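Below is one structure, written out as structure tokens; comments come after it.
The values are calculated or read from the model by the stated rules, or taken from the named source; none is laboratory data. None of these values were measured; they are calculated from a predicted model. Note: ideal-geometry Cβ built from the backbone for every residue, glycine included; neighbour counts use all protein chains shown.
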Amino acid sequence: MKNVIFIAPPAAGKGTQSSKLETLGFYHISTGDMLREEIATGSALGDEINKLISQGDLVGDEIVFELISNKIKSLDKPFILDGFPRTMNQVKMLNNLFEELNINNYEVIYLDIELEDALKRTLGRLTCKCGASYNLYNDEFKPKVEGICDKCGSQLQKRNDDNENSFRVRFDNYIKNTAPIIEYYNNIGKLHKIDTKLSNDEITDKIKEILND
Ligand code: AMP
């Protein structure tokens with residue numbers, strides 16, 4: 001099976017699609033989740049990361065690269081990279097790692113979403129510590145019981161960067177840093193663009209087609 005790199009603005013549905021692909025045997029590597037785990041340990045590094053994330057800023061390339069490279073090296077199944085690379089420097093780091101590990105069977109999936117749609121999804125998003133994600137503004141993604149996770153029964157939380165100010169900084173960062181990445185992967189024939197106006201099942205079907213080609 002091929003490996004997947006997801007590129008998309010905040011709240012485009014990378015997490016949702018990744019969870020669906022996990023059931024097909026992929027390992028989901030989410031840099032956002034890994035960084036939030038570091039924050040949860042209460043370490044000094046976690047505090048530093050927390051400040052950057054809550055302002056909507058990017059965490060340093062080296063810190064994030066170390067997390068994903070250790071993980072990729074330890075895996076014995078195909079992976080979904082969700083949240084990396086986010087800068088051209090990260091693309092270079094990833095290319096070097098792929099070269100070192102002899103990885104060339106991957107496709108880049110670009111989930112295209114308009115700013116206003118992404119903002120609405122961000123403001124309605126609730127997450128659970130078990131990894132599940134919900135949305136108050138979409139009937140398909142509302143929890144069955146208000147504020148409670150359908151999967152594990154825990155209290156749902158709002159991410160502290162899911163507010164309008166932080167969203168706008170993250171979206172600006174995305175445009176600034178990620179646009180050249182999209183162009184780069186397009187130029188080397190790896191990019192597949194999918195419109196997020198499609199339903200989630202249609203998006204999953206398109207991804208499966210891309211990976212089976
Ligand atoms: P996400 O869960 O993917 O939306 O990521 C949440 C936040 O974690 C981002 O807004 C960044 O602050 C940080 N982050 C995640 N991935 C990266 C990355 N590859 N490089 C730098 N910062 C990252």
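Of all residues in the range 140-165, which are at pLDDT below 90 and either in contact with a Ser or Thr (Cβ under 7 Å, 6 or more places away or on another chain) or assigned to a loop (DSSP other than H, G, I, E, B) (or both)? Selection gives ARG159, ASN160, ASP161, ASP162. Within the range 173-200, the set of residues being small (Gly, Ala, Ser) and away from the ligand (no atom under 16 Å from the Cβ) comprises GLY189, SER199.
Condition check ((1) buried (at least 18 other Cβ atoms within 10 Å of the Cβ); (2) within 14 Å of the ligand (Cβ to nearest atom); (3) over 20 Å from GLN17 (Cα atoms)) across all residues:
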site: LYS77; (1), (2), (3): no, no, no
site: ILE80; (1), (2), (3): yes, yes, no
site: THR87; (1), (2), (3): yes, yes, yes
site: PHE98; (1), (2), (3): no, no, yes
site: ASN105; (1), (2), (3): no, no, no
site: TYR110; (1), (2), (3): yes, no, no
site: ILE113; (1), (2), (3): yes, yes, no
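Counting just the residues of the range 43-102 that are touching a residue at least 40 places away in the same chain (Cβ under 8 Å) and of a type in the set (Val, Ile, Thr), which one comes out nearest to ILE175 (Cα to Cα)? Looking at residues that are touching a residue at least 40 places away in the same chain (Cβ under 8 Å) and of a type in the set (Val, Ile, Thr), I get THR87. Output yes when any residue across the range 192-212 is surrounded by 11 or more Cβ atoms within 10 Å (Cβ to Cβ), free of Cβ contacts under 8 Å to residues at least 60 places away in the same chain and polar (S, T, N, Q), and no when none is. No, the conditions are met nowhere in the range 192-212.
Among the residues making up the range 168-201, none is touching a Lys or Arg at 6+ places or on another chain (Cβ under 8 Å), under 23 Å from ASP61 (Cα atoms) and not in a helix (DSSP H, G or I).
For the range 51-62, enumerate the residues that are within 8 Å of the ligand (Cβ to nearest atom) and closer than 16 Å to LYS92 by Cα. Hits for the range 51-62 are GLY60, ASP61. What's the number of the only condition in (1) closer than 24 Å to PRO180 by Cβ; (2) under 20 Å from the mean Cα position of the chain (by Cα); (3) touching a residue at least 40 places away in the same chain (Cβ under 8 Å) that GLU114 fails to meet? Only one criterion is unmet by GLU114, namely (3).
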